[in-house]
Amino acid sequence: MSSEVRAGSFTLAQRMTAALAGVALSSMLCAFLLYDRALARGMRENAEQRLARASRSADLLIQDHLAQTEARYRAVAATPQVRATLELAHTPTTKALAEQIRAQQDAASIAFVSSRGTLLARSGLDSSALNSFGAGRSTLFVVAAEVHAVVSIPIDLSPTHAVTLVALEPISAGSLKRWSDLCGATLTLAGADASRRDELTAPIEHWGSAGLLVVADLALERAALRSARWQLTWAGLVALALTLGTCTAVARGLVRPVRQVQRALALIGNGDLSARIESRRTDEIGEMARDVDRMAERLSASHGELAVRLDELRRSQEHLTRAQQIARLGSFEFDLASGALSASQEFWTIFAAEDPRKGLSPDQLLERLHAEDRGSVVEAFRACTRHGTRAQIDYRVRLPGGGERLLQAQFHLFTLDGEALRRVEGTVQDLTERRRAEEQIRYLAYHDGLTGLGNRSLFTERVNLAVPQARRRGTKLGILCLDLDDFKRVNDTLGHDVGDGVLRQVADRIVQGTKEAEIATRDRAPGFEPAVARLGGDEFVVLVTDVRDASDLARISEHLLHGLQRPYRIGSDEVVISASIGIATWPDDGERVDALLGNADAAMHHAKADGRNTFSFYDASMNEVARRRLSVEVRLREALEAGDLELHFQPKAELANGRIVGFEALARWHDPELGVVSPADFVAVAEQTGLISGLSRWVLDRVCDEVTAREPALRAAGARVSFNVSAREFGPRFASEFAATLTARGIDPGLLEIEITETAIMRDEETAIAALHDLKALGVSIALDDFGTGYSSLAYLQRLPVDTLKMDRSFIRSIAEDASAASLTRSIVAMGKALGLYVVAEGVEHEAQRALLKAWGCDAIQGYLVGRPSPATRAFARLGDHGPSRHSRSGRSRTSA
Ligand code: C2E
Ligand code: CA
Ligand code: CA
């Protein structure tokens, strides 16, 4: 409330004064007008009465004057001279008498008229009218604009004869003046002065016809009226001034307490609750003032309480903010109806809002979320809003200046009044620092301070994680326990610092060497991080996963030993040292980490006993196997380079007529030291070591040589030469490279067949199927090898563009003895036939097997019964055996189509 009166407006006192003054003024004006009218009217009545009185007085004065004049002339008429003259009836004498009388009496005219109205004689004014004046009649008469008194006196001369004396006497101005003075009004001749219009006039009662008027002069009344008006006006002004003064005083008196109340209210409104009016008035304003005082009293009482509460609230708010800062915890509320987001300051600090007081819009907030986590956060939020699911979710945010934060949000749906109020409430905690600290602690707990490698705990954890994975994949784990040979000597001779330096470099070389071996021989991605740990002293352990064969571990060990042999440079010292490795495998050598480590350690001691700088398997039998495989790798490389391999061919015979319809090319390697090595052994090694591409290249070349050499014979017999394609070779470029070779060698693709396993196709199905289509388009026949050992589903088969199904040897082996094997094989034959495939049985060794397969409708057989794999010259000599009946291949509709 403003205690100031705004400019241009009026205060309450001014308003009241103006209103009261207005009322006083207008009532005074009314009174003045009414009084004035009454005064004027009264004055006029007065004047009229005065006039009437004057008129009556004038009448009496005239009558009196006429009576005196009459009496005077009666006396004249009664004189004997007059009577005698008239009785004489002599006109000149009569005239002379008239003149005499006129002169005597100072009359204007004297006439003698007979009773019959005849003028007998006259003197003075000639007026015929005078003749008509009857005897005894006196009146006023106006002649020549002058008022005259006229008297007629009868003079009886005899009983029958009478003469009338008519005298005309002017009434002098002096007489008129005197009369006017006497009757208080002016006697004047009517019409004498036109300027007297606004004065009151009245004719004198009996003498109006004579033209005499009474004129009342109103000047006095007017002056009186004027003076009365002046006095009235003055009185009015004084009264007005008094009224104004009184009004102002009264208004001030009323407004002052109102002002006090207003000022007090304004102070209270501005928070000064000590303001009081303390009025002693007993009227309504006093009541109001006391009410205001009471209100202020109560307010200040409750304000005191409120101030305490507010203070508490502020303090708890500060505590909360500080607690949120310390805990890096922000809280938020999101109103679902309006989309309004409100959050604590710490919340915005966590999200790195430029201005934590303004915050960010929901869209900006969403943008800050890490792209990979955004989806899951939005999903959790949706689930929360739709189903009221409570959520706890960890996610990352990107900071505008670069960098990331790891946050944990917890939120739930809050509803009130049914669904009227729906909002998501929650907290967001910045876990970045905590996670970093946890990682630090974890790192210290799980790592070796000297080398930065993992320690026993970390290694145990890694093994425990790897075991279920290996179980799922059907692979093995290898634990290599590595101990430096005679390390004590380094410490003793060169000191512990050099010893530590060696250990650090050994650690690096183990990690590096493991990586190299894994990448080179086991198809690992370059970013692969091996699990290497230092158990203490000079003892290290390596975990190798995805082990399919013991030779993998032998190879890695060999590589590590080789790498560790190189001299170490520590400052100016050069140290040469070797190591021994003990190998244990899961699950063969133990289930649990402790057992595996113990066994690897035992194996390691075995290696030391064996002369050091070597590795040893815990299971001694493995040593032989692994070492042999290792030497296979070394010698196979040499054999391939020297061209020491051979290619044998095994015939296939059609069951219907026994005719030879194809040959499978099979690699043979006779090593001077190792003897004849089965491809079942060396192909796997070749695949693992990458030697397979050289081997495949060599086989294809050799097959091409044979096909070129024997083309006419093959054509004549309607036979093909098939060869095996390794899964590792069957990549996206296989078909085009193969086609290029055939073109270069000028080979008819129709004479070739490719044998491929399901596992090879399933490595990358899309690419493989595309490659198969390309090969088919070339005109090459395709056989699905080892059918029945892999996935072997009918639905899957339908999708593959193959021509021939080669049933694996394991099915055929017992069909003659085992009924269930027989029925299984029989249904595979039936299924293959139903799909329009050419079905070949592998590993047929006995006549009984051949008979059964023939009875079930199998197309062809391959096996020792038909012929063992043998060098080309001997194998191809079989072409044309058993009667060359060419029509028999017409059943193979899919290839001829
Ligand atoms: P595969 O493709 O199933 O070859 C058939 C295998 O069965 C050959 O073994 C063959 O000697 C053998 N065999 C044939 N008939 C009989 C029989 O009646 N009884 C018995 N017990 N065995 C018989 P091999 O030559 O040892 O080849 C083993 C595997 O090595 C082959 O199996 C094939 O997968 C692979 N292989 C052979 N040569 C090559 C090659 O040049 N390149 C590729 N990539 N793999 C090859
Ligand atoms: Ca084969
Ligand atoms: Ca096979």
> Expressed as a whole percent, how much of the Cα-Cα distance distribution for the stretch 208-351 exceeds 26 Å?
Replying inline: 68
> What number of lysine-lysine pairs in the chain show an alpha-carbon separation below 24 angstrom, given a sequence spacing of 8 or more or placement on distinct chains?
Replying inline: 11
> Cα centroids of the stretch 281-349 and the stretch 578-652: how far apart, whole angstrom?
Replying inline: 80
> If one puts a single equal scatterer on every Cα of the stretch 780-871 and applies the Debye formula without solvent, what log₁₀ I(q)/I(0) results at q = 0.18, 0.23, 0.25 Å⁻¹?
Replying inline: -0.75, -1.18, -1.36
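Taking Cα pairs under 8 Å and at least six residues apart, what relative contact order does the chain come out at, in percent?
On the way: 1355 pairs, mean separation 55.1, N = 897.
Value for the chain: 6 percent.
Quick one: divide the alpha-carbon radius of gyration of the stretch 738-830 by 2.2 N^0.38 Å and tell me what you get. Before the final figure, lay out each step's value.
Numbers: Rg = 15.4 Å, N = 93, 2.2 N^0.38 = 12.3 Å.
It is 1.25.
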>> Taking amide H atoms as placed 1.01 Å from N in the peptide plane, list the residues 5 or more away in sequence, or in a different chain, whose amide H sits under 5 Å from that of G662.
In response: K652, R720
>> Could you order the peptides 62-71, 303-312, 511-520 from most to least packed, using the average number of other C-beta atoms within 10 Å per residue?
In response: 511-520, 62-71, 303-312
> Ranked from highest to lowest mean number of other Cβ atoms within 10 Å per residue, what is the order of the peptides 76-84, 625-633, 554-562?
Replying inline: 554-562, 625-633, 76-84
> Net charge near R405, counting Lys/Arg +1 and Asp/Glu -1 over other residues with Cβ under 12 Å of its Cβ?
Replying inline: +2
>> Amide H of D573 versus every other amide H placed in the peptide plane: which residues, excluding those fewer than 5 positions away on the same chain, fall under 5 Å?
In response: none
> Across the stretch 597-707, how large is the tail of the calculated P(r) beyond 23 Å, expressed as a percent of all Cα pairs?
Replying inline: 48
> Per-residue HN-Hα couplings for the stretch 501-508, Karplus 6.51 cos²θ - 1.76 cosθ + 1.60 at θ = phi - 60°, whole Hz, x for Gly and Pro?
Replying inline: x, 4, 4, 4, 5, 4, 4, 4
> Using the Karplus equation 6.51 cos²θ - 1.76 cosθ + 1.60 (θ = phi - 60°), what ³J(HN,Hα) coupling, rounded to whole Hz, does each residue of the stretch 320-332 give in order, writing x for Gly and Pro?
Replying inline: 4, 4, 5, 4, 5, 5, 5, 7, 6, 10, x, 10, 8
> Can you work out ³J(HN,Hα) from phi for every residue in the stretch 666-673, in order, using Karplus 6.51 cos²θ - 1.76 cosθ + 1.60 and θ = phi - 60°, giving whole Hz and x for Gly and Pro?
Replying inline: 10, 6, 9, 9, 10, 8, x, 8
> Pairing the Cα long axis of helix 219-269 with the longest principal axis of the chain, what angle in degrees results, from 0 to 90 and rounded to the nearest 10?
Replying inline: 20
>> For a quick check: sort C30, C858, C247 by the number of other beta carbons within 10 angstrom, fewest at the front.
In response: C30, C247, C858
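Could you compute how fast the stretch 264-323 diffuses translationally, taking Rh as the Kirkwood radius over C-alpha pairs and applying Stokes-Einstein at 37 °C with viscosity 0.692 mPa s? Give it in µm² per second.
On the way: Rh = 13.3 Å.
The diffusion coefficient I find is 246 µm²/s.
How fast does the stretch 554-645 diffuse by Stokes-Einstein, in µm²/s, taking the Kirkwood radius from C-alpha pairs at 25 °C and 0.890 mPa s?
On the way: Rh = 14.9 Å.
The diffusion coefficient I find is 165 µm²/s.
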> Evaluated at 20 °C with a viscosity of 1.002 mPa s, what Stokes-Einstein diffusion coefficient in µm²/s does the stretch 41-159 have when Rh comes from the Kirkwood expression over alpha-carbon pairs?
Replying inline: 134
>> List the residues, sorted by chain then number, that are 5 or more residues from L200 or on another chain and whose placed amide H is less than 5 Å from its amide H.
In response: A216, L218
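Taking the stretch 710-804, which chymotrypsin sites (Phe, Trp or Tyr not before Pro) meet the DSSP loop condition and have no more than 13 other C-beta atoms within 10 Å? The partial results should precede the final answer.
Values: sites: F723, F730, F734, F738, F787, Y791, Y796; in loops: F730, Y791.
Filter output for the stretch 710-804: Y791.
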> Can you give the charge dipole size of the chain about its Cα centre, rounded to the nearest 20 debye, using +1 on the beta carbon of Lys and Arg and -1 on the beta carbon of Asp and Glu?
Replying inline: 4280
>> Over the Cα atoms of the chain, what radius of gyration and what Dmax do you get, in Å?
In response: 77.7, 232
>> Under a Cβ-only charge scheme (Lys and Arg +1, Asp and Glu -1), can you give me the dipole magnitude of the stretch 343-413 about the Cα centre, in debye to the nearest 20?
In response: 200
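Hey, can you rank 799-806, 291-298 by average C-beta count inside 10 Å, highest first?
Working: 799-806: 20.9, 291-298: 14.6.
Output ranking for 799-806, 291-298: 799-806, 291-298.
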>> Using Cα-Cα distances under 8 Å and only pairs 6 or more residues apart, what relative contact order does the stretch 717-778 have, in percent?
In response: 49
> Taking only Cα atoms, what is the 0 to 90° angle, nearest 10, from helix 550-565's long axis to the longest principal axis of the chain?
Replying inline: 80
> Which angle from 0 to 90°, rounded to the nearest 10, does the C-alpha axis of helix 765-778 make with the longest principal axis of the chain?
Replying inline: 60
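Near D786, within a Cβ-to-Cβ distance under 9 Å, what is the net charge of the other residues, with Lys and Arg +1 and Asp and Glu -1?
Working: positive: K806, R809; negative: E755, E758, D785, D808, E842.
Here the charged neighbours net out to -3.
None of the figures in this text is laboratory data; all of them are computed from the coordinates on show. Source: prediction; values computed, not measured. Cβ sites come from the backbone with ideal geometry, for glycine too, and all protein chains shown count toward neighbours.
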